[in-house]
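S.K.: Pasting in a structure now, in structure tokens, and then I'll have a few things to ask.
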Amino acid sequence: MSTELLPGVVQPLARGVRRLIAPNPGMMTGPGTNTYLVGERTIAVIDPGPRIESHVAAIQMHAGGTIAWILVTHTHPDHSPAAEQLAKETGAELLGQPAPHGQHQDPTFRPDRVLQDGDALHTDEFRLSALHTPGHASNHLCYLHAEHRILFTGDHIINGSTVVIDPPDGNMGQYLDSLRRLRTADIAAIAPGHGEVFTNPVETIDWIVAHRLQREAKVFAMLQKHPGLTTAELVRHVYDDVGADRHAVAERSLLAHLQKLAEDGRAAETDGRWQVL
């Protein structure tokens, strides 16, 4: 399934499954947000991406059929804002979960049908099943293509880096639980929200879980060594393998790790300062 990652170019991944990358490359988005076109005659669009006029136009131009459904994995600004405009221009039904309150959410996404875990979009061409995978976002859904066993993972699993878990909507414990659940699903490939397709899903999930647990162990060790620090002070010890220009972002995942340690009864916070228990 390996193809070159080029914004604006439709790339077939399997029969009736194509990828179109939005022109929003960056530190947090990699080559850009992956929009997926599922179906040949009647199309489901997964993650239409940011509201960029050229991308909305490209989705319609390359669809090759009637866009009937727009599915969103979660409501972060690089995944869902184009949904409102695309729905207005095509009459497509919006599916997903509404945005939770808080920063970095897209309040313009208002689904016509709210999907819960196990709900499915069943057409005469394909079946997409929703799996609720909270962690990166509380309203995060992955979508499993029944025939090809391709899992569209949004930001739950991406290629090229690990995702940021940003409290309070992001939750590290839920993220790990969701990953472990996906490991038992019948998946042949992972189509992420950013980056290339994975064809080794079990190994990919195992690596992510191991990486997160290794980071958690480092957080605990550094907290033992440097008790009473704030997250801003602790981040340079825990993420000494990451450039200082990324510490502000890393601090959000650090907080998520600390909160998980607190939930596990291994750490506590007082007046913004953390210590082990």
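The values are calculated or read from the model by the stated rules, or taken from the named source; none is laboratory data. Not measured: the values here are computed from a predicted model. Counting neighbours? That spans all protein chains shown, and the Cβs are built from the backbone with ideal geometry, glycine included.
S.K.: Within the range 21-62, which residues are surrounded by fewer than 20 Cβ atoms within 10 Å (Cβ to Cβ) and among the aliphatic types (A, V, I, L, M)?
M.R.: Of all residues in the range 21-62, those surrounded by fewer than 20 Cβ atoms within 10 Å (Cβ to Cβ) come to 23-28, 40-42, 51-54, 57, 60-62.
Listed by number, the residues that qualify are Met27, Met28, Ile52, Ala57, Met61.
S.K.: Test of understanding: among Lys260, Lys218, which residue is charged (D, E, K, R), crowded, with 21+ Cβ neighbours inside 10 Å and not assigned by TED's automatic domain parsing to the domain that holds Asn34?
M.R.: On the way: Lys218 fails: crowded, with 21+ Cβ neighbours inside 10 Å.
After applying the criteria, what remains is Lys260.
S.K.: Looking at Thr35, is it under 22 Å from Asn24 (Cβ atoms) and at pLDDT 95 or above?
M.R.: Details: under 22 Å from Asn24 (Cβ atoms): yes; at pLDDT 95 or above: yes.
Answer is yes for this residue.
S.K.: What is the number of the single condition among (1) in contact (Cβ under 8 Å) with a residue 60 or more places away in the chain; (2) among the hydrophobic types (A, V, I, L, M, F, W, C); (3) in contact with a helix residue (DSSP H, G or I) (Cβ under 9 Å, 6 or more places away or on another chain) that Val38 does not meet?
M.R.: (3)
S.K.: Right, something else. Only one of (1) in contact with a Gly (Cβ under 8 Å, 6 or more places away or on another chain); (2) modelled with pLDDT of 95 or more is not met by Asp117, so which one is it?
M.R.: (1)
S.K.: Taking the stated definitions as given, is Gly160 surrounded by fewer than 21 Cβ atoms within 10 Å (Cβ to Cβ), assigned to a loop (DSSP other than H, G, I, E, B) and touching a residue at least 40 places away in the same chain (Cβ under 8 Å)?
M.R.: Numbers: surrounded by fewer than 21 Cβ atoms within 10 Å (Cβ to Cβ): yes; assigned to a loop (DSSP other than H, G, I, E, B): yes; touching a residue at least 40 places away in the same chain (Cβ under 8 Å): yes.
Judged against the criteria, Gly160 is a match.
S.K.: Kindly indicate whether any position in the range 200-211 is charged (D, E, K, R) and either in a loop (DSSP other than H, G, I, E, B) or under 24 Å from Leu277 (Cα atoms) (or both). Write out each step before concluding.
M.R.: Our first condition is that a residue be charged (D, E, K, R); within the range 200-211, this holds for 203, 206.
Add one more test, that the residue is either in a loop (DSSP other than H, G, I, E, B) or under 24 Å from Leu277 (Cα atoms) (or both), and what stays is none.
No, the conditions are met nowhere in the range 200-211.
Quick grid of which residues meet (1) crowded, with 23+ Cβ neighbours inside 10 Å; (2) out of contact with any strand residue (DSSP E or B) (no Cβ under 7 Å at 6 or more places or on another chain); (3) under 30 Å from Leu255 (Cα atoms):
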{"site": "Ala82", "(1), (2), (3)": "yes, yes, no"}
{"site": "Gly96", "(1), (2), (3)": "yes, no, yes"}
{"site": "Leu121", "(1), (2), (3)": "no, no, no"}
{"site": "Gly170", "(1), (2), (3)": "yes, yes, yes"}
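S.K.: A follow-up question, please. Please specify each residue of the range 230-249 satisfying the condition of being of a type outside the set (Lys, Arg) and touching a residue at least 24 places away in the same chain (Cβ under 8 Å). Quick ask: steps written out before the conclusion?
M.R.: Going residue by residue through the range 230-249, those that are of a type outside the set (Lys, Arg) are 230-235, 237-245, 247-249.
Scanning the range 230-249 gives Thr230, Thr231, Leu234, Val249.
S.K.: Now for a different question. Against the condition at pLDDT below 95 and either touching a Cys at 6+ places or on another chain (Cβ under 8 Å) or surrounded by fewer than 19 Cβ atoms within 10 Å (Cβ to Cβ) (or both), how does Asp245 come out, does it pass? Let's see the steps before the verdict.
M.R.: Values: at pLDDT below 95: yes; either touching a Cys at 6+ places or on another chain (Cβ under 8 Å) or surrounded by fewer than 19 Cβ atoms within 10 Å (Cβ to Cβ) (or both): yes.
Answer is yes for this residue.
S.K.: So, restricting to strands (runs of 3 or more DSSP E) that lie completely within the range 35-150, which ones have at least 3 residues that are outside the structural domain of Arg18 (by TED's automatic domain parsing) and in contact with a Lys or Arg (Cβ under 9 Å, 6 or more places away or on another chain)?
M.R.: On the way: elements: 42-46, 66-71, 93-96, 120-122, 127-132, 141-145.
Filter on the range 35-150 gives an empty set.
S.K.: Let me ask something else. Among the residues of the range 79-123, which ones are in contact with a Pro (Cβ under 7 Å, 6 or more places away or on another chain) and of a type in the set (Lys, Arg)?
M.R.: If the condition is that a residue be in contact with a Pro (Cβ under 7 Å, 6 or more places away or on another chain) and of a type in the set (Lys, Arg), then Arg110 is the only one that fits.
S.K.: Related question: Can you confirm whether Ile190 is in contact with a strand residue (DSSP E or B) (Cβ under 7 Å, 6 or more places away or on another chain) and modelled with pLDDT of 95 or more? Show your work before the answer.
M.R.: Details: in contact with a strand residue (DSSP E or B) (Cβ under 7 Å, 6 or more places away or on another chain): yes; modelled with pLDDT of 95 or more: yes.
Yes; evaluated as a whole, the condition is true for this residue.
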